[in-house]
Every structure is written in C-alpha cells, then in structure tokens.
Amino acid sequence: MGMTMTQKILARAAGLDRVEAGALIEGRLDLVLGNDITAPVAIREFEKAGLHQVFDRERIAIVLDHSTPCKDIKSAQLCAVCRDFAKAHQITHFYDVGEMGVEHALLPEKGLAAPGEVIIGADSHTCTYGALGAFSTGVGSTDMAAGMATGLAWFRVPTAIQVKLTGALGPYVSGKDLILHLIGRIGVDGALYQSLEFCGDGIASLEMDDRFTICNMAIEAGAKNGIFPVDERTLDYLKGRVERPYTPVEADPDAVYTQVIEIDLSKLRPTVALPHLPSNTRTVDEAAGKPIQQVVIGSCTNGRLKDLREAAAILRGKKVADGVRCIVIPATQQIYLDAMAEGLIADFIQAGVAVSTPTCGPCLGGHMGVLSDNEWAITTTNRNFVGRMGPTSSMVILASPAVAAASALTGVVTDPATI
C-alpha cells in the first residue's frame with residue numbers, strides 16, 4: 001500500500017521508512033513561525049518553562065504583520081516582546097516594520113519554504129506553503145514554544161482527500177474561486193484533520209499565486225494541510241529563492257484516499273461566500289446586486305502581484321462608486337515595489353482607492369479598515385465569521401480580486417465580466 005505526499009514527508013521527518021494514517025509521530029521541523037499576536041504567547045511559555053536557547057536561530061521566523069505599524073499601546077507592547085526575544089536569541093528571520101509583509105506571502109518570497117519540508121506556524125493559515133510541496137500546518141502557541149526549543153513536534157498522520165483537477169480556468173476565474181467552490185462543496189468540516197492533496201493535468205494551468213491561495217484556505221475546509229505536487233512552475237518559482245537542497249515527493253499510484261473529488265476548472269464560475277461561513281457559497285450571478293460599503297483587496301490569501309494585476313486591470317481608468325471605501329493592501333514590500341513599477345499603485349489611487357503598507361489589518365478586524373454597525377464588505381480575505389471585521393452586525397462576503405474590484409466600481413456584488 002502506497003503513501004500520499006503528506007505521509008512521505010512526515011515519514012522522512014520522523015526518520016521512518018513509512019507511516020500509516022492515524023499514527024502518532026515525532027517529526028523534525030524545518031521552520032517554526034510566529035507573528036506579533038501569537039509569538040508573544042509562545043515566548044511567554046518558552047520563558048516560563050525555563051528555556052534559554054532556541055534549537056536553531058536560522059529556522060525560526062517571527063513576522064510582525066497583524067497590527068503593524070502598531071495601532072495601539074497593546075499591539076506596541078506585543079511587538080516589543082517579539083523584538084526583545086529576536087534580539088536576545090539572534091533570530092535571523094525577524095521581520096519588522098519597513099521590511100515585513102503578511103507572513104504567508106513573505107516566507108515563500110524569502111525562500112523560507114521548500115518542497116518536502118515540515119513547517120509549523122502559530123497561525124492557522126500556515127498551510128499556505130503546501131503550494132510548494134511542503135507539509136505546513138498551523139499549531140498553537142505552546143507548540144510553537146516547544147518547536148523553538150527542540151526543533152521537534154508531534155503529529156498524528158492525517159488521512160487524505162484527493163482533488164483531481166482537469167481543464168483550465170476561464171476568464172475572471174482564479175484560485176480563489178476554485179477553493180471557494182471546493183469548500184462550498186464539502187463544507188467547513190469536510191476535510192477535518194485530513195490532507196487536501198491536489199493532482200491532475202489541470203494543475204499545469206494554475207499559477208503559483210493561485211496555488212498559494214488554494215492551500216491558504218485549506219484550513220477553511222477543516223484540513224490539516226493542503227499540498228500540490230512539484231512541477232516546472234514550482235521549480236521556476238524556487239529558482240533564486242531557495243539555495244539549500246530540497247527533495248520533492250510524489251504520491252504513490254496506490255496511495256489510499258478517503259475520497260476523490262473531481263473538478264473541471266473550465267466549468268467554474270466566479271464564486272463568492274456569503275456570511276457567515278466560507279462554505280456559504282454562490283456563483284457571482286446568484287449573489288449579484290447585493291449592496292456593499294467597503295472593499296478590501298489584499299491579505300495572505302489574495303495580496304500577491306497577480307491579485308493586484310487582476311484588480312488594477314478592472315479599476316484602471318475608472319472610479320470607485322460613491323459611498324464605497326476601497327482598500328488595497330500589497331502583501332509584502334517587494335510586491336508593493338513591483339506593483340509601483342508596473343503602475344498599479346497609480347491605477348489604484350487614481351481610481352479612488354486607499355493603498356496601505358503591508359499588514360493583515362482589516363482581515364481580523366484589527367485596523368486599516370474595520371467595519372461599523374450593519375456594514376457590508378466584499379473582501380479577498382479568507383474568513384467571514386460573525387464579527388470578523390467589525391461588530392457582530394457587520395457582514396463579510398469573500399471573493400476573488402476580480403469580483404471585489406468590479407464590485408468597488410458599482411457598489412454592489414458584480415460579475416467582472418459585465419464591467
């Protein structure tokens with residue numbers, strides 16, 4: 001009986017020839033990640049346990065991205081804890097204001113994730129790095145503390161769902177539409193503690209930014225991780241970023257899956273998720289016309305250069321509708337620079353958009369775009385739970401950059417093909 005991609009990576013990390021789904025293993029970690037909200041808790045546990053040394057200062061990353069530049073005294077105090085710890089332990093990959101980005105866009109950009117690696121992060125969307133053929137998953141801050149000290153973590157080997165992709169995405173359809181379609185199909189617990197393993201000839205048509213988006217939202221289906229096989233697109237992305245050796249894995253032909261889901265990419269339509277779950281999906285045609293007051297284009301899900309290009313192409317030469325606030329947040333400083341070089345930032349500003357420094361900001365109702373009572377937002381973020389971006393009476397619709405940009409121009413949920 002063969003192994004899935006995830007099983008192979010975890011077996012290697014545990015020093016075993018093979019592992020079975022359900023087995024408990026202790027695995028070696030290639031990277032431990034924390035941010036300005038979760039790392040302070042881990043640091044407190046690290047120090048409470050009397051620990052004085054990290055396992056490897058090169059394999060810990062701390063990114064101050066959620067509330068930075070600091071929005072209030074509390075966020076400033078949390079960032080100070082991270083700065084002091086990073087300085088005391090000489091953490092190599094510490095990213096502060098001016099050089100940080102939204103963590104799950106920044107780490108791949110910096111070459112800190114590679115095929116076959118095991119990555120844990122005290123943030124649920126750490127599953128993003130499966131786009132590069134890594135096993136990456138979110139953990140609690142206590143697990144982060146243990147990982148920083150020992151370089152090890154316990155895992156229960158997950159079962160897996162195989163997602164077979166065929167065809168190619170049509171106009172105005174992206175990885176966001178694919179993952180929303182999948183979550184709508186199986187539900188927010190449809191892949192609970194399972195690996196979502198993508199395969200099929202349709203993968204070749206997906207750009208890396210699409211794959212990052214898809215794996216980023218694997219957790220919204222309850223998955224332990226999402227993972228793509230490594231192909232030429234992956235290798236091209238890694239060139240010039242990752243210099244260390246890495247070993248991609250492939251699923252065995254006789255690997256066991258709990259189910260197989262087939263998706264023809266050519267049949268997908270732009271898709272949105274209405275409040276209050278990512279699984280409450282509709283095609284844009286079914287949701288069209290719903291009034292909105294705010295648009296957010298950014299986050300670890302959709303703040304990459306491809307996302308900004310798609311939004312700018314729709315907004316260019318036009319104006320955001322009266323009564324609508326549109327906010328664009330490039331996910332990293334490099335993406336910001338690249339967008340400037342291409343003229344995208346000018347396109348946004350001329351359209352009446354507010355452009356922010358990289359931050360998670362409004363995604364978690366932190367800053368840079370918090371909603372008021374009874375307001376509706378359409379956003380490219382990953383969660384639309386009750387009270388996610390403002391008071392419990394506020395409403396969040398999840399969408400792709402193309403749908404979000406088109407909606408900013410009209411003031412209602414809009415099919416980009418109609419603009």
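The values are calculated or read from the model by the stated rules, or taken from the named source; none is laboratory data. Computed from a predicted model, the values in this text were never measured in an experiment. Quick reminder, even Gly has a Cβ in these numbers, built from the backbone with ideal geometry, and neighbours come from all protein chains shown. Quick note on the areas: whole protein, heavy atoms, side chains included, nothing else; ligands and nucleic acids left out. Shrake-Rupley method; radii C 1.70, N 1.55, O 1.52, S 1.80 Å.
Filter segment 392-419 down to the residues that are assigned to a loop (DSSP other than H, G, I, E, B) and either open to solvent by less than 10 Å² (accessible area, probe 1.4 Å) or at pLDDT 95 or above (or both) and list them by number.
T392, S393, S394, A399, S400, G411, V413, T414, D415 - these are the residues of segment 392-419 that are assigned to a loop (DSSP other than H, G, I, E, B) and either open to solvent by less than 10 Å² (accessible area, probe 1.4 Å) or at pLDDT 95 or above (or both).
Can you spot a residue in segment 328-343 that is surrounded by 23 or more Cβ atoms within 10 Å (Cβ to Cβ) and of a type in the set (D, E)?
No.
Quick one: in segment 310-346, which of the residues that are more than 25 Å from L371 (Cβ to Cβ) and charged (D, E, K, R) is nearest to the chain's Cα centre (by Cα)?
D338
Those residues that are surrounded by fewer than 17 Cβ atoms within 10 Å (Cβ to Cβ) and assigned to a helix (DSSP H, G or I), I need them from segment 48-80; list them, please.
Correct list: K48, R57, E58, I73, K74, A76, Q77, A80.
Working only within segment 52-64, note down all residues that are modelled with pLDDT under 95 and in contact with a strand residue (DSSP E or B) (Cβ under 8 Å, 6 or more places away or on another chain).
Matches in segment 52-64: none.
Check H367 against each of (1) over 19 Å from H125 (Cβ atoms); (2) in a loop (DSSP other than H, G, I, E, B) and name the one condition it does not meet.
(1)
Residues that are buried (at least 23 other Cβ atoms within 10 Å of the Cβ), among the β-branched types (V, I, T) and within 18 Å of the chain's Cα centre (by Cα): list the helices (runs of 4 or more DSSP H) wholly contained in segment 118-222 that include at least 1 such residues.
Per the criteria, 175-186, 208-216.
What residue, of T234, T271, T283, is modelled with pLDDT of 95 or more, farther than 30 Å from M340 by Cβ and buried (at least 19 other Cβ atoms within 10 Å of the Cβ)? So that I can check it myself, show each step before the final result.
On the way: T234 fails: farther than 30 Å from M340 by Cβ; T283 fails: buried (at least 19 other Cβ atoms within 10 Å of the Cβ).
Exactly one residue qualifies, and that residue is T271.
Name the residues in segment 59-98 that are in contact (Cβ under 8 Å) with a residue 24 or more places away in the chain and among the acidic types (D, E), would you?
Residues satisfying the conditions are D65, D96.
Checking T381 against (1) outside any helix (DSSP H, G or I); (2) over 22 Å from L274 (Cα atoms), only one condition comes out false. Which one?
In the conditions (1) outside any helix (DSSP H, G or I); (2) over 22 Å from L274 (Cα atoms), T381 misses (2) alone.
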